[in-house]
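Working notes, beginning with the structure itself.
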Amino acid sequence: MICHTDFADTETGLAELWKLIKTGQIVFGGNAVLKTYGTLRCQSGRRMHRKNRVFFSSEDEAVASGFRPCGHCLRAKYRLWKEGGAGYPRGVAAKTASASMSDNVTTN
Ligand SMILES: [Zn+2]
């Protein structure tokens, strides 16, 4: 995980950031407060504060860091995550409670 604040807020910092994007070391953006990740073109991603913005080289890295797919630009994956689908663990608490919670899913 790379933080946007790791880069200087200057032309040089921006150039370094672009270099990582161009070389595929940054593929997804994320919000460290909301714990969400999405595409670099996502409108939600563009609106967030610089200090909250993080970057990932892959979805695996984002998921492993406890981030969930953006409901805007990664709608299908977001739905998978919401349903607790394969590859999108909803955290340790949700995982251990999932057996007893499954009976109550319809109430949501
Ligand atoms: Zn998004």
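Read-outs throughout are calculated quantities, based only on the coordinates presented, and are distinct from any laboratory measurement. On a predicted model such as this, the values are computed, not experimentally measured, just so you know. Virtual Cβ from ideal backbone geometry, glycine too; neighbours counted across all protein chains shown.
So, counting K/R as plus one and D/E as minus one, what does the shell of residues with Cβ under 13 Å around K51 add up to? Don't jump to the answer; show the numbers that get you there.
Working: positive: R50, R53; negative: D6, D9.
The answer is 0.
Could you order peptides 12-19, 48-55, 28-35 by the average number of other Cβ atoms within 10 Å of their residues, highest first? Numbers along the way, then the final one.
Numbers: 12-19: 12.5, 48-55: 16.0, 28-35: 19.0.
Taking the mean over residues of other Cβ atoms within 10 Å, the ranking is 28-35, 48-55, 12-19.
Mind pulling up the Rg/Rh value for region 2-96? Radius of gyration and Kirkwood radius, both on Cα. Working shown, then result.
Details: Rg = 13.8 Å, Rh = 13.7 Å.
Result: Rg/Rh = 1.00.
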